[in-house]
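Worksheet for the structure shown next.
The values are calculated or read from the model by the stated rules, or taken from the named source; none is laboratory data. Given the structure is predicted, the values throughout are model-derived calculations rather than measurements. For neighbour counting, all protein chains shown are included, and Cβ atoms are generated from backbone atoms with ideal geometry for every residue, glycine included.
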Amino acid sequence: MHIKDAHWIPKPQHQVWDALTDPTVLQKCIPGCARMEQRSPTEYWVTLHSKACGIEAEYEGELLLSDIQAPDSCTLAFEGKGRAAGLVIGTAQVNLTTKDDGTRLAYTVAGMAGGKLAQVGEPMLVKAGNKVVDTFMTAFMDHITRVPTTAPPAPPMVAEDGMRNPMLTWAIPAFVVVLLVGYHTLFR
């Protein structure tokens, strides 16, 4: 399965990144998200309740973030398991860029399903996945447009050796959750 799309969001890039990495915002916006827990700076645990392609189940999964370039991009790897539906695994590339006094959010998701879910076929999974992503984006847009616009944060301090100090960020996990939920939405 392959899903690729982009959305324009009427807020500055730093604010979109912050919202996409906020577990409270993600749990609120991801359809069927019952729990989101950060286990490490790059690892998250998610529990979803969904009905996809006629299969209703609870899914649990991990999101792993890598290649984090806050507030510009990250790569997500995800794995979700549902007793009734089977397994979903995949990756997602998320990119944010400033565009027209707002932010362009672009993503590419590649995934595979196993078990009962795989039996419904890729066209049905892609359709369900797109529905989940649309539901998430609608809820996310409703949330972000109600939040006051903020100034960008000060640039990170540079250590004497020229290296930037690492920043703990929720952006990647949040977007990974969104992608995972989108992918799990394919199960709806």
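Taking segment 82-112 as the range and being farther than 17 Å from Val133 by Cα and modelled with pLDDT under 90 as the test, the residues that pass are Gly82, Arg83, Ala84, Ala85, Gly86, Leu87. What are the residues in segment 7-42 that are part of a loop (DSSP other than H, G, I, E, B) and of a type in the set (Ser, Thr, Tyr), if any? Listed by number, the residues that qualify are Thr21, Thr42.
The numbered conditions (1) in contact with a Gly (Cβ under 9 Å, 6 or more places away or on another chain); (2) modelled with pLDDT of 90 or more are all true for His143 except (1).
Kindly provide the set of residues from segment 28-40 that are surrounded by 15 or more Cβ atoms within 10 Å (Cβ to Cβ), over 19 Å from Asn130 (Cα atoms) and not polar (S, T, N, Q), ordered by number.
Scanning segment 28-40 gives a single hit, Met36.
Cβ separations smaller than 7 Å between residues 6+ apart or across chains give the following pairs from segment 36-47 residues that are over 11 Å from Pro23 (Cα atoms) to residues that are at pLDDT below 85: Pro41/Leu168. Looking only at residues in segment 56-104 that are buried (at least 16 other Cβ atoms within 10 Å of the Cβ) and of a type in the set (Lys, Arg), the one that is nearest to Ala151 (Cα to Cα) is Arg104. Scanning segment 64-105 for residues that are in a strand (DSSP E or B) and over 27 Å from Pro10 (Cα atoms) yields Leu64, Ala77, Phe78, Glu79, Gly80, Lys81, Gly82, Gly86, Leu87, Val88, Ile89, Gly90.
Can you pull out every residue in segment 53-79 that is among the small types (Gly, Ala, Ser), within 22 Å of Gly114 (Cβ to Cβ) and at pLDDT 90 or above? Can you show your working first?
Taking segment 53-79 first, the residues among the small types (Gly, Ala, Ser) are 54, 57, 61, 66, 70, 73, 77.
Narrowing the set further to residues that are within 22 Å of Gly114 (Cβ to Cβ) leaves 54, 57, 61, 77.
Answer for segment 53-79, where residues must be among the small types (Gly, Ala, Ser), within 22 Å of Gly114 (Cβ to Cβ) and at pLDDT 90 or above: Gly61, Ala77.
Which of the residues belonging to segment 53-63 are assigned to a strand (DSSP E or B), of a type in the set (Gly, Ala, Ser) and more than 18 Å from the chain's Cα centre (by Cα)? The answer is Ala57, and nothing else.
Looking for something part of a loop (DSSP other than H, G, I, E, B) and modelled with pLDDT under 85 - is there at least one such residue anywhere in segment 124-137? Checking segment 124-137: not a single residue is part of a loop (DSSP other than H, G, I, E, B) and modelled with pLDDT under 85. Of the set (1) on the phi > 0 side of the Ramachandran plot; (2) of a type in the set (Gly, Ala, Ser); (3) loosely packed, with under 15 Cβ neighbours inside 10 Å, all apply to Ala110 but (1).
Conditions tested, residue by residue: (1) touching a strand residue (DSSP E or B) at 6+ places or on another chain (Cβ under 7 Å); (2) under 26 Å from Leu125 (Cα atoms).
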{"position": "Lys4", "(1), (2)": "yes, yes"}
{"position": "Asp22", "(1), (2)": "no, no"}
{"position": "Gln38", "(1), (2)": "yes, no"}
{"position": "Glu60", "(1), (2)": "yes, yes"}
{"position": "Thr75", "(1), (2)": "yes, yes"}
{"position": "Arg83", "(1), (2)": "yes, yes"}
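In segment 96-108, the condition of being of a type in the set (A, V, I, L, M, F, W, C), touching a residue at least 40 places away in the same chain (Cβ under 8 Å) and touching an Asp or Glu at 6+ places or on another chain (Cβ under 7 Å) is met by at least one residue. Checked against (1) of a type in the set (Val, Ile, Thr); (2) within 14 Å of the chain's Cα centre (by Cα); (3) over 17 Å from Val132 (Cα atoms); (4) at pLDDT 90 or above, Thr21 passes all but a single condition, namely (4).
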